[in-house]
Amino acid sequence: MDRTFTEFLAMGGYAPYVWASYGAWCLVMLLNILGARQALDSAMEQARRRLVMRDGDERGAP
Amino acid sequence: MATWTWFHRLASPPYVYRTAATLTPWFAVVAALAIGYGFFGGLVLAPPDYQQKDAFRIIYVHAPSAWLSLLAYTTLAVAAAVGLVWRMKVAHAVAAAAAPIGASFTFLALLTGSLWGKPMWGTWWTWDARLTSELILLFLYLGYMALRSAFDDRQRADRASAVLAVVGVVNVPIIHFSVTWWNSLHQGSTVMKLAKPSMPGSMLWPLLASFLGFTLLFAALLCVRLRAEILERERQASWLKSIVEKR
Amino acid sequence: MTPRRKRLLLVGGILVGVGLATGVATMAFRENLSYFYNPTQVTEGQVPRGRSFRVGGLVTKGSLKRVPGNEEVRFVVTDLNRDVTVAYTGVLPDLFREGQGIIAHGRLDGSGVFVADEVLAKHDEKYMPPEVAQSLKKAPGGAGPGGEGKGT
């Protein structure tokens, strides 16, 4: 590919469309990864709290 | 029956949880490699198209995103149906986990399609068969998620949303065949057909890598979200303790 | 309001919402169930009267004319059977070229000229590098690219 870097960035005049597509993909996938991790972290935290509460009840029971 | 043991194992939350955790990094690494090659190949190595010039490079994000929008919905609907029929908690968890990921790929397919349509067709949007049915798919995903969040009780949310998911699956073949069943502005399939792909290898290999990479990325994201869904569904199980305390 | 009623209303609202959104989209699409008509249908009068519709076909080579003095362009759209002349004022899409498939939206005037308010370029699903397209064109008897395949 004998394109210069500037030519590559210009995408033959279609730069806004091409780079916006790839940019949107990167952004949405970043949100996807962060969202999935956040969902797992909060589910883990909730499960931990449930276990602590249950153990507390058992210990407190006569 | 020995042939059914795999099915029973799939119904076991701890087994599925641990398998998902083990598989995630493998899916993620191969996905990153495949997408890296796919995008580099599509943007740098592949020659410009004889008609669309460099604008055609949008295909490397657009077509795999559209493929994932359909694959994710099929996964969701099949899982929801299994959940309804066998009352399997894990299956409902898979369906719930697939929804936000599928919705994001559907949104991307519509957005990148719009960004491709403006310079090539001359319009951001038109009500042709392919575009309309893909938009309805986005509504289905959003409706599915909204319906789930309307219930406080998870079991009820699972069942009610599963019915919507199963009914909505008729849209999947409609989307795929819309370009052959009706006159449309959208062109036919380049790769997803029985005939030979209408593309030379220099353009095709990066595209196939993108398809593979997107699919594995979906699998990795699904595994992470699935674990979250399983944790939320397990109340008193003792195996939870070993997982939560590991952290 | 009891929680159960609230839930019922919410679920009902969502189902109505999804149904409405799907209905609106389907209505919008039904008008385009046949997204475009071909020039044969147009010349034989098998098109809706009194409202606008779309014509799809190939732009006949050598038919593109600019009307001097204003921005109007005229070209002939063909399905290799019948022809329709299209008049259009505005920016043509990048892919518009003679021999290429296009879809024009507008209505017929009294003299059988299709006055378009929008011209879209239709492309096919084939992609190839410019050099390959060139050599295909030169090849004797080879089906040269540039045309529009299925559907138009």
Seminar exercise, completed: Computed about the Cα centre, the charge dipole of chain B from +1 Lys/Arg and -1 Asp/Glu charges at the Cβ has a magnitude in debye, to the nearest 20, of 600
Exercise. Does segment B:157-233 classify as rounded, prolate or oblate by the C-alpha gyration tensor (a ≥ b ≥ c root eigenvalues; a/c under 1.5 gives rounded; else a/b over b/c gives prolate, otherwise oblate)?
Worked result: oblate
Problem set entry | Shielding of C:53-59 by partner chains, average beta-carbon count, 10 Å | 1
Exercise. What percent does the relative contact order of segment B:100-240 come to when contacts are Cα pairs within less than 8 Å and at least six residues apart?
Worked result: 21
Seminar exercise, completed: The simple spin-label model distance between B:ALA11 and C:LEU64, using points 7 Å out along Cα→Cβ, in nm, is 6.5
Problem set entry | the protein assembly as shown - charge dipole about Cα centre, Lys and Arg +1 at Cβ, Asp and Glu -1, debye rounded to 20 | 1520
Exercise. Taking K and R as +1 and D and E as -1, what net charge do the other residues with C-beta under 15 Å from the C-beta of B:LEU23 add up to?
Worked result: +4
Seminar exercise, completed: With B:ALA72 itself left out, Lys, Arg at +1 and Asp, Glu at -1 over residues whose Cβ is under 14 Å from its Cβ give 0
Exercise. Which of rounded, prolate, oblate describes chain B, given a ≥ b ≥ c as roots of the alpha-carbon gyration tensor eigenvalues and a/c under 1.5 marking rounded, otherwise prolate only if a/b is larger than b/c?
Worked result: prolate
Exercise. With charges set only on the Cβ (+1 for Lys and Arg, -1 for Asp and Glu), what does the dipole of segment C:39-126 come to about its Cα centre, in debye to the nearest 20?
Worked result: 120
Seminar exercise, completed: Candidate cut points under trypsin sites (Lys or Arg not before Pro) in segment C:35-112, DSSP loop plus at most 10 other Cβ atoms within 10 Å of their own Cβ, are C:ARG49, C:ARG51
For this session: Could you calculate the FRET efficiency of B:TRP181 with A:MET53 from 1/(1 + (r/R0)^6), where r is the beta carbon distance between them and R0 is 45 Å, rounded to 0.05?
Result: 0.20
Exercise. What aspartates and glutamates could a cross-link reach from C:LYS65, if we take a straight Cα to Cα line under 14 Å and drop same-chain neighbours fewer than 8 places away?
Worked result: C:GLU98
For this session: Set Lys and Arg Cβ to +1 and Asp and Glu Cβ to -1, take the dipole of chain A about its Cα centre, and tell me which of A:ALA43, A:CYS26, A:ALA15 lies farthest positive.
Result: A:ALA43
Exercise. For segment C:1-95, what's the relative contact order in percent, using C-alpha pairs closer than 8 Å and at least 6 residues apart?
Worked result: 20
Exercise. With point charges of +1 on the Cβ of Lys and Arg and -1 on the Cβ of Asp and Glu, referenced to the Cα centre of segment B:32-155, which listed residue (B:VAL94, B:PHE56, B:GLY122) lies farthest in the positive direction of the dipole?
Worked result: B:VAL94
Problem set entry | From phi via Karplus (6.51, -1.76, 1.60), per-residue ³J(HN,Hα) for segment B:122-131 in Hz, x at Gly/Pro | x, 8, 6, 8, 8, 8, 8, 4, 5, 5
Problem set entry | Proximal charge balance of A:LEU34 [Cβ under 14 Å; K/R count +1, D/E count -1] | +1
For this session: Mind checking B:128-138 for the average number of partner chain beta-carbons within 10 Å of each residue's beta-carbon?
Result: 4
Exercise. Which of the trypsin sites (Lys or Arg not before Pro) found in segment B:127-213 are in a DSSP loop and have at most 14 neighbouring Cβ atoms, other than their own, within 10 Å?
Worked result: B:LYS193
Exercise. Can you give me the relative contact order of chain B as a percent, contacts being Cα pairs under 8 Å and 6 or more apart?
Worked result: 34
For this session: Please go through segment C:42-146 and write out the GluC sites (Glu not before Pro) that DSSP classes as loop and that have at most 12 other C-beta atoms within 10 Å.
Result: C:GLU44, C:GLU71
Problem set entry | Interchain or long-range residues, amide H under 5 Å from C:GLU118's placed H | C:HIS105
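Readers should treat all values here as calculations from the given coordinates under stated rules, not as data from a laboratory. Keep in mind the model is a prediction, meaning the values are calculated, not measured. Cβ coordinates were reconstructed from backbone atoms using ideal geometry, including for glycine residues, and neighbour counts include every protein chain displayed.
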